[in-house]
Every structure is written in C-alpha cells, then in structure tokens.
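One structure is given below, encoded as structure tokens.
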Amino acid sequence: MTLRTLAAALCGTALALAGTATTPARAAGKAPAWESRDSGTDARFRGLAAVSRSTAWAAGTKGTVLLTRNGGRTWRNVSPPGAAALEFRDVEAFDARRAVVLAIGEGEASRVFRTDDGGTTWTETFRNADPKAFYDCLTFFDARHGIALGDPVDGRFRILATGDGGRSWRVLPAAGMPAALPGEAAFAASGQCVVTEGRAGGRDAWIATGGAASSRVLHSADRGRTWTAVDAPVPAGDPARGVFGLAFRDRAHGLAVGGDYRAGQPSERAAAASGDGGATWTTAARPPGGYRSGVAWLPRSRTTALAVGPTGSDVTTDGGRTWRGFDAGSYDTVDCAPDGGCWAAGEKGRTARLAARPER
C-alpha cells in the first residue's frame, strides 16, 4: 500500500476495545502477558526481528534502528547515518551482528541496508531507481537467499531477490507473477506482507494483499520466481481492508490477519487459517477483537500463535480457529525467536517481550 494511503490512517490514535480484545485468555495453562520495555525513543516500529529471548532488532520511523542484547532492558540506537528522513518498515536479522533493513516509499525512498557488525556500520545495498516502484517488506529463506516485495508495477507485483545475504539485489522477471487486481497492493504495516516458512532453507514464500475487491494470498514454491494466487476470507472491497500479515510455521500451516485499519471500523473476519500451504483458507470461528497487523507462531508449538494490532493482542491455542484477547495495548508487529522469546513493537517507541508463554 502506498505511503500516502497507509500513513494517513495508521498513525491515528489507538482506540481501546471492549469485549474480547480486553478479556484475558482463558485457555488452560498460563495466560500470556507482555512485559513492557523502554526503547528510549518515540519512533513507531513496524519492523521487528527476534533473534532470541535476549536479542532483538526494531526498525521504524525517522530512520530508526534499535538493537537490544539484554532482553530489552536497554536498547542501543544503531541507525544508519543520514537515514533520518527514511521510513524503515522491515528488518530481518540473522543474529546479533548481521541484519538487513528496508526503507519504504516511492522511487529512491525505497532502499535496503545491511550491517555485519551489529549496526556499527551500514552499507546501502539497494536504492530503487524506478519512480513507479514502491517496496513494502522483505524476507529470507536462509542466510543467503531472500526476496523483497514491491507494489504492482505495470499490473504485477514486483519481486527483488538476493543470493548473497542482501549484499546485492536483482529484479526478478514479471512473467511468473499473476496479474494484480484493480487497486491491489501490499501493506507495509508489520514487515509481514511477504513471509517464508518457519523452517530455514525452504523455498516457499507467501504474499498478503488487500485494497481490491477481494483479499488474496500469493504462494511461490521456487523462491519467488513463479506465483499462484487464491482469495482469502478477510475483509476486502476497500483500500483500507485486506490481509496485513502472514505467518507459516511449516509448508502447510499458515495464519492470516488483517481487517480494516481505520480506527473505529469493524473487522469481523480479521483472521483465517490454512492447513494446505495457503491453497485454501478458513475464517476463524472466533476472530481477534479487531484489525490486526502482525502475527507469529510460538516456536515448538503446533497450535499456539499471537496476533497484535493498534487495539490489542490476541492468542490462539488451537491453530487459529479461535482467538482470545489478552492485552489492550497498541502494537504493530510481533516476532518469535527459535528459543521461544517473543517480542512486540509499535507506536511511540513501544517494545515488549512476552513474560509468560501461553500453554494448553
């Protein structure tokens, strides 16, 4: 989705929801809880990379990139020099030293930077020269292979690819991409509009779309060279509606969240689940309490995941069939590390780590 459209609505004041959005989860076992961390900044973070329970990266407005190595007790500002005018919307980290961040926007505002020394130095590895292109998010299959997603150019979504860990990028041929629907785009809301499966080294990727007559999920089994598209049962028919975030724990099991990002607008069908690699989707019988922009599976769990948005957080313990609210705070993105450490981030410098792991 273009910066002009997205920024106008997503920077509004979050509204508290009554009912399920503020009702603690009552699944058997512990109820999840966010433990707030002071980031020391007022930037809005939509990019988040959880490395472990102790280490995480966050990327956001005003060219801000932060890194913590002590569980969020302190965050170090490791922003690229001269980037204050850029809007970082995604960060993918391989460890505490190596990370890749994406700045969004039209033309040269879309850029990619990489660091190999924990943000002490950065190298700009891509700057968009096409005034028609607008990049939204990126993801990696492993430490070498990754892709970045751009909104449609000449009627098809654009894919950048890297085979050297983000040190160089190339535009993939458009022939393998199905035609975009009128008005269709991706949302640069949480860094999850293009994702890979939970297992490192795979070849599968998925794209979330909205803004058109129907929401769609696109799937690639060859690292972004060819794609197929299916409709998703998430609110559509308006530029403000669609699938905003995806998460796949393996090649088969995926979650989609979204809705209508405008404050106060209903999002009755804000989540769906797939058990066949995104070929078909089923609406949650009890969806989250409102629009949600980010979603993440808990590692080593086949059934538990978290969803976040400006009006609250929700948990599912049955693979996305039902969701229950457990926090009313505003978060835009969520990510979980292989060791089970889960993090969230959002507006006004908000960062948090999951204090209690939900259990069945």
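May I ask you to say which residue of 256, 247, 229, 236 is in a loop (DSSP other than H, G, I, E, B) and of a type in the set (A, V, I, L, M, F, W, C)? Only one candidate passes the filter, namely 236. Does residue 295 fit the bill of being in contact with a Phe, Trp or Tyr (Cβ under 8 Å, 6 or more places away or on another chain), over 23 Å from residue 132 (Cβ atoms), among the β-branched types (Val, Ile, Thr) and touching a residue at least 40 places away in the same chain (Cβ under 8 Å)? Criteria not met by residue 295. When residue 127 is tested against (1) among the basic types (Lys, Arg); (2) more than 22 Å from residue 293 (Cα to Cα); (3) in contact (Cβ under 8 Å) with a residue 60 or more places away in the chain, just one condition goes unmet, and that condition is (3). Only one entry of 171, 230, 195, 243 meets the criterion of being in contact with a His (Cβ under 9 Å, 6 or more places away or on another chain) and among the aliphatic types (A, V, I, L, M), and that entry is 230. Residues of region 58-88 being over 15 Å from residue 351 (Cα atoms), touching a residue at least 40 places away in the same chain (Cβ under 8 Å) and of a type outside the set (A, V, I, L, M), which ones? Residues satisfying the conditions are 63, 79, 80, 81, 87, 88.
The residues on offer are 263, 296, and the sole one that is modelled with pLDDT under 95 and either among the hydroxyl-bearing types (Ser, Thr, Tyr) or under 23 Å from residue 349 (Cα atoms) (or both) is 263.
Filtering 116, 130, 154 for residues that are at positive phi and at pLDDT 95 or above leaves a single hit, 154.
Scanning region 95-116 for residues that are crowded, with 17+ Cβ neighbours inside 10 Å and over 20 Å from residue 171 (Cα atoms) gives 96, 98, 99, 115. The residues listed here are 97, 114, 46; of these, the one that is touching a Ser or Thr at 6+ places or on another chain (Cβ under 9 Å) and free of Cβ contacts under 8 Å to residues at least 40 places away in the same chain is 97.
At least 1 residues being crowded, with 24+ Cβ neighbours inside 10 Å and among the polar types (S, T, N, Q) is the threshold, and among the strands (runs of 3 or more DSSP E) wholly inside region 272-360 those reaching it are 312-316, 333-336, 350-356. Given the criteria within 24 Å of residue 149 (Cβ to Cβ), in contact with a helix residue (DSSP H, G or I) (Cβ under 6 Å, 6 or more places away or on another chain) and either modelled with pLDDT of 95 or more or of a type in the set (Lys, Arg) (or both), does residue 4 qualify? Against the criterion (within 24 Å of residue 149 (Cβ to Cβ), in contact with a helix residue (DSSP H, G or I) (Cβ under 6 Å, 6 or more places away or on another chain) and either modelled with pLDDT of 95 or more or of a type in the set (Lys, Arg) (or both)), residue 4 does not qualify.
Can you confirm whether region 110-133 contains a residue that is assigned to a strand (DSSP E or B), touching a helix residue (DSSP H, G or I) at 6+ places or on another chain (Cβ under 9 Å) and closer than 23 Å to residue 334 by Cβ? Taking every residue of region 110-133 in turn, none turns out to be assigned to a strand (DSSP E or B), touching a helix residue (DSSP H, G or I) at 6+ places or on another chain (Cβ under 9 Å) and closer than 23 Å to residue 334 by Cβ.
Restricting the search to region 66-75, which residues are under 22 Å from the mean Cα position of the chain (by Cα) and either loosely packed, with under 14 Cβ neighbours inside 10 Å or closer than 16 Å to residue 99 by Cα (or both)? Listed by number, the residues that qualify are 66, 67, 68, 69, 75.
The values are calculated or read from the model by the stated rules, or taken from the named source; none is laboratory data. Just so it is clear, the structure is predicted and the values come from calculations on it, not from any experiment. FYI the Cβ positions are ideal-geometry reconstructions off the backbone, even for glycines, and counts take in every protein chain you see.
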